[in-house]
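Each remark here refers to the structure printed beneath this line.
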Amino acid sequence: MSLSKEAIRSKYGISAEDFDVIKALALHPTCEHCNRPLPPDSTEARICSFECTFCATCVETVIGNVCPNCGGGFTSRPIRPKRNWRNGNYLGAFPPRTVVKHKPVDPAVHTAFSAEIRRLSPEQR
């Protein structure tokens with residue numbers, strides 16, 4: 001049974017603002033480009049600030065650290081704890097997403113899109 005946003009907020013005692021942040025931190029199961037599996041404990045997962053998810057290989061060799069969706073840079077995706085160390089903040093309470101978002105990047109289109117962007121460091125974009 002799916003709980004409403006209000007029920008989840010009440011259960012965990014979190015504000016609407018904090019809930020939106022938690023909800024945004026989904027763990028996507030695969031690389032958007034190559035569809036490589038990226039389980040929750042993968043050290044190869046990379047995310048942008050909107051949590052577009054790609055594998056390290058695609059970020060480095062295909063898209064050149066420029067998100068094809070927003071133009072931002074990438075960082076390693078955090079590993080969510082498997083164990084409930086504190087306050088119910090763990091993988092069992094906040095499981096990864098199961099829906100695959102497979103949108104292969106067209107290299108020619110991305111090269112044109114990212115030409116100017118990739119000259120800027122991510123913090124200057």
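No value in this document is a laboratory result; all are computed from the given coordinates. Note that the structure is predicted; figures quoted are calculated from it, not measured. Glycine gets a Cβ as well: all are built from the backbone with ideal geometry, and neighbour counts include every protein chain shown.
Out of residues 5 or more away from residue 53 or on other chains, whose amide H comes under 5 Å of its own, with H placed 1.01 Å from N in the peptide plane?
So residue 53 has HN proximity to 32.
Send over the Kirkwood Rh of the stretch 75-125, from the inverse of the averaged 1/r over different Cα pairs, rounded to one decimal Å. Each step should come with its number before you reach the end.
Numbers: mean 1/r = 0.0675 Å⁻¹.
Over the stretch 75-125, the inverse of the mean reciprocal pair distance is 14.8 Å.
Modelling each spin label as a point 7 Å along the Cα-to-Cβ direction, I'd like the residue 99/residue 125 distance in nm, to one decimal.
For the pair residue 99/residue 125, the computed spacing is 2.4 nm.
Listing 11, 101 from the residue with the fewest other Cβ atoms within 10 Å to the one with the most, what is the order?
On the way: 11 11, 101 14.
Ordered from fewest to most neighbouring Cβ atoms within 10 Å, 11, 101 come out as 11, 101.
If you take the charge dipole of the chain about its Cα centre, with +1 on Lys and Arg Cβ and -1 on Asp and Glu Cβ, which of 35, 49, 99 is farthest toward its positive end?
99
Pick out, from 84, 124, 70, the residue whose Cα sits farthest towards the positive end of the charge dipole of the chain, with +1 on the Cβ of Lys and Arg and -1 on the Cβ of Asp and Glu.
84
Over the stretch 5-124, how many pairs of lysines fall under 25 Å by alpha carbon, counting only those 8 or more apart in sequence or from different chains?
9
In whole Hz, with x marking every Gly and Pro, tabulate ³J(HN,Hα) for the stretch 39-50 from phi via Karplus 6.51 cos²θ - 1.76 cosθ + 1.60, θ = phi - 60°.
After applying 6.51 cos²θ - 1.76 cosθ + 1.60, I find x, x, 9, 6, 8, 9, 6, 10, 9, 9, 5, 9 Hz.
For the stretch 73-80, what does the Karplus curve 6.51 cos²θ - 1.76 cosθ + 1.60, with θ = phi - 60°, yield as ³J(HN,Hα) per residue in whole Hz, taken in order and with x for Gly and Pro?
x, 10, 9, 4, 6, x, 8, 6
Using all alpha carbons of the stretch 9-73, what is the percent of pairwise distances in each 10 Å bin, ordered from the shortest bin to the longest?
Cα pair-distance distribution for the stretch 9-73, in percent: 21, 44, 23, 11, 1.
Calculate the tail of P(r) for the chain: the fraction of all Cα-Cα distances greater than 27 Å, expressed in %. Mind showing how you got there, number by number?
Values: 2130 of 7750 pairs.
The calculated P(r) of the chain puts 27 percent of pairs beyond 27 Å.
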